[in-house]
Amino acid sequence: MHEREWPDEGELVVCTVADVKDFAAFVTLDEYDGHRGLIPISEIARGWIKYIRDYVREGQKVVCKVLNVDPDRGHIDLSLKDVNEHQRREKIHEWKNEQKATKWVGFASEAAGVDRAIIEEAVYREYGQLYPAFEDIVTTGGEATDKLKLDEPVKEALISIAHENVKVPKVTITGHLILTSSRPDGVNVIRRALRSAQPRVDDVEIDLIYIGAPKYRIKVTAPDYKAAEKAIEKAASAAVGVVERAGGSGKFIRKQKTG
């Protein structure tokens, strides 16, 4: 199910190839109640095409770009060649997530004893899609359900199902701390600095790895880059502050991001 009956021009859509002719491929749009679309041979692939079946076949899942929509005629023109591999992978991933979320809405509907259409309407109104709502519920500890303005039993069902099924992606960022102290008790100063570089931050993991004096690696794992950046800056600032107040020197060098 989809919140809109027809796709927008320029939108990427998941399709199933229904029929292949010499001049075009006819497809059904999986996200739009099986509306039919046409991919002319000129939009199948770049360059000259000798055999269209070298590129598409019946039953194949493809991601297309919407070129034109005419609801009055029930006609949708599509392009396969205008979708690159990255876009294809991202769209398929999004589509699969929506399929899972559609099932979860059904589970919540049964658990709370309400019509699933009530839940879908509330979610679409706030998010435009189903899956982002479940992801938001997990990352906010359930608070996101307040925006949906649903009855408490429905909220509780959504929270329970979200936590059972959604694995929130994590991101990791790293950097190096350069800490030096010439004081007689410099070792203790560095130890205090490293302890201060591990503040408690909700949903964030901070690890320190000794590389070799005076360098230490700091690694932060968080739900998103914003939280990770904030945590690593806080940790590094705390460590550098301890060393500098003790008459030493400290420096933080940011390194690469990884997903």
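The values are calculated or read from the model by the stated rules, or taken from the named source; none is laboratory data. Computed from a predicted structure; not experimentally measured. Please note: Cβ atoms are built from the backbone with ideal geometry, for glycine as well, and neighbour counts cover all protein chains shown.
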In segment 80-102, what count of residues is obtained for those that are touching a helix residue (DSSP H, G or I) at 6+ places or on another chain (Cβ under 9 Å), crowded, with 17+ Cβ neighbours inside 10 Å and closer than 20 Å to residue 36 by Cα? 2
If residue 47 satisfies all but one of (1) more than 30 Å from residue 155 (Cα to Cα); (2) buried (at least 18 other Cβ atoms within 10 Å of the Cβ), what's the number of the condition it fails? (2)
Of all residues in segment 223-259, which are touching an Asp or Glu at 6+ places or on another chain (Cβ under 6 Å) and part of a loop (DSSP other than H, G, I, E, B)? 223
Might you check whether a residue that is within 30 Å of residue 103 (Cα to Cα), at pLDDT below 90 and not in a helix (DSSP H, G or I) occurs anywhere in segment 214-222? yes
Reported set for segment 137-190 where residues are free of Cβ contacts under 8 Å to residues at least 24 places away in the same chain and touching a Lys or Arg at 6+ places or on another chain (Cβ under 7 Å) is 145
Being surrounded by fewer than 19 Cβ atoms within 10 Å (Cβ to Cβ) and assigned to a helix (DSSP H, G or I) is the filter here; which residues of segment 110-119 pass it? 110, 111, 116, 117, 118
Kindly evaluate residue 164 against the criterion of being of a type in the set (Asp, Glu), assigned to a helix (DSSP H, G or I) and in contact with a strand residue (DSSP E or B) (Cβ under 9 Å, 6 or more places away or on another chain). no
Among the residues of segment 179-201, is there at least one that is part of a strand (DSSP E or B) and either modelled with pLDDT under 90 or within 30 Å of residue 97 (Cα to Cα) (or both)? no
List pairs: first residue in segment 231-259 and among the polar types (S, T, N, Q), second residue modelled with pLDDT of 90 or more anywhere in the structure, Cβ distance under 6 angstrom, at least six positions apart or on different chains. 249/180
Select from segment 32-65 the residues that are within 28 Å of residue 97 (Cβ to Cβ) and in contact with a helix residue (DSSP H, G or I) (Cβ under 7 Å, 6 or more places away or on another chain) and list them in ascending order. 44, 63
From the option list 33, 70, single residue qualifying as exposed (fewer than 12 other Cβ atoms within 10 Å of the Cβ) and modelled with pLDDT under 90 is 33
